Amino acid sequence: MHFGSSKVAIAVAVAIAAGSILLVSACSSSQSASVSARAEKDRKPAPNFTLKDANGQSVSLADYKGKVVLLNFWATWCGPCALEIPWFEEFEQQYKSRGFAVLGVSMDEDGWSAVKPYITEHKINYRVLLGDDSVSQLYGGLDALPTTFIIDRAGNIAYPPHIGLIGKNEYLTEIQNLLGIEHTNAGLRHLRPPAAALFLRPAE
């Protein structure tokens, strides 16, 4: 884009900065909402779906009933998504034996040609599935990435969805609460989200 004058350029920069502030505010409200879980009677079932993993195997969300699940919708082109992945790998490693699982659903339009090399490069240790428009609609349209749901052992969504990047410790608190583990962030760095808190999905 070319601007007619330096004043226009400055005005645009200010507008972008203001937008970033609003974006961070929106993510902050998500963080405060995550402090306490929804009452069990108020929790709604996470919509079930069946998608293929990198090995071509069909996987249903219902297969994970009985576990606490972090369901993360992401894409290889999404910067904030890349920041979360090491956290999720750490959670998977630390809590898998306690009945916890991370399930990543890639929304990449380029499909496995983009996702498989990414899984290998980043040594992702949890299951990754390839999403589609039908699963997107089940979860509200997924207009922004990352979007993450924390699901309890009964298969219900336990917390308001996290749209955009939140602090690592917010995830940790929610996971430990549902696993019945005393909250601790020992050995886990407490990270706050940067200004670029989410990416909008490309227009169809």
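Values in this text are rule-based calculations from the coordinates and carry no lab data. What you are looking at is a predicted structure, and each value in this text was computed from that prediction instead of being measured. Methodologically, a virtual Cβ is constructed for each residue, glycine included, from the backbone with ideal geometry; neighbour enumeration extends over all protein chains shown.
Here are the numbers for this structure:
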| quantity | calculated |
| --- | --- |
| Under 5 Å, built H, 5+ apart or other chain: amide partners of residue 46 | 156, 157 |
| Karplus-derived HN-Hα couplings along the stretch 50-56 (A = 6.51, B = -1.76, C = 1.60, θ = phi - 60°), whole Hz, x at Gly and Pro | 10, 9, 8, 8, 5, 8, x |
| Stretch gain in nm, segment residue 60-residue 48, where the contour uses 0.36 nm per residue and the Cα spacing is subtracted | 3.6 nm |
| For residue 129, distant residues with modelled amide H under 5 Å away | 104, 105, 106 |
| Anchor residue 67: lysines whose Cα lies under 21 Å away (excluding residues fewer than 8 positions away in-chain) | 41, 44, 52, 96, 168 |
| Trypsin sites (Lys or Arg not before Pro) lying in DSSP loop within the stretch 83-174, provided at most 15 other Cβ fall within 10 Å | 123 |
